[in-house]
1. Cut-off 10 angstrom, C-alpha nodes, Gaussian network model of the chain. Which of 202, 116, 64 fluctuates the most?
2. With a 10 Å radius around each residue's Cβ, average the other Cβ atoms per peptide and rank 10-20, 24-34, highest first.
3. Mind jotting down the distance between the C-alpha centroids of region 19-93 and region 117-137, whole Å?
4. How far apart, in nanometres, would the label points at residue 89 and residue 42 be if each is projected 7 angstrom from Cα along the Cα-to-Cβ direction?
5. Say each of residue 169 and residue 22 gets a label point 7 Å from the Cα, pointing the same way as Cα to Cβ; how far apart are those two points in nm?
6. Relative contact order, percent, of region 5-235 when contacts are C-alpha pairs under 8 Å separated by at least 6 residues?
7. What FRET efficiency do you get for residue 29 and residue 184 if R0 is 41 Å and r is their Cβ-Cβ distance, rounded to the nearest 0.05?
8. Sorted by average packing, counted as other Cβ atoms within 10 angstrom per residue and highest first, what order do 145-158, 44-57 take?
Ligand SMILES: C[S@@+](CC[C@H](N)C(=O)[O-])C[C@H]1O[C@@H](n2cnc3c(N)ncnc32)[C@H](O)[C@@H]1O
């Protein structure tokens, strides 16, 4: 994939921003359970359980608090982050455990992962900070690495303010990502949007969104270009503003 200069520059900024935010990494460990709780109030676990996690990529894994929840599962786990130190710490944390692979990436693509080789991707509490060009790049990569029928669960920004500005000036460091842009990029990447749920973070309502996208299962799966009758079974599960 051709990398744009702007996306590479934005990734360099993200690498610097997330290199050593010890306060975040330590504090976040304490509240990870709210996302993973079975039958909990947060939509993450319910949507995560719809993935086929046989071969799952966690993008922007940080220090590995989410994949740690799967440490005893027999599935294959591929942890990716652009900060080398985070991956080194994950390698120590998961030492001796089977079925883990670790990748330091460039913050824009997933070229180390073979096409059609994974069943699921997830990214939580990270993509909210990615410039939309980087999100678009990753969506095209998810389309490439997923097997047909594979899904990605992505927690991204839904913040419409400060176009072209520094994400760190925005509420909860959410990037400019006006409603509809993520879906537009997903469709242009050849993915189908199965469901989106927006929710608040901090003091700001609806600033975040969880999107479940699928790589269409050739040849019968619903496509963005399919006529309305065939797409309806996906549409009934699109409660854009459910909390
Ligand atoms: C707020 S932390 C969240 C870490 C982890 N997802 C969690 O919930 O604990 C953001 C993470 O995203 C990573 N990151 C930032 N930009 C990235 C990019 N463009 N590609 C891959 N990882 C990135 C950072 O290195 C950091 O680990």
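Readers should treat all values here as calculations from the given coordinates under stated rules, not as data from a laboratory. None of these values were measured; they are calculated from a predicted model. Virtual Cβ from ideal backbone geometry, glycine too; neighbours counted across all protein chains shown.
1. 202
2. 10-20, 24-34
3. So the two Cα centres are separated by 13 Å.
4. 1.8 nm
5. Distance between the two pseudo-spin positions: 3.1 nm.
6. Computed over region 5-235, the figure is 16 percent.
7. With R0 = 41 Å, the Cβ-Cβ based efficiency is 0.70.
8. 145-158, 44-57
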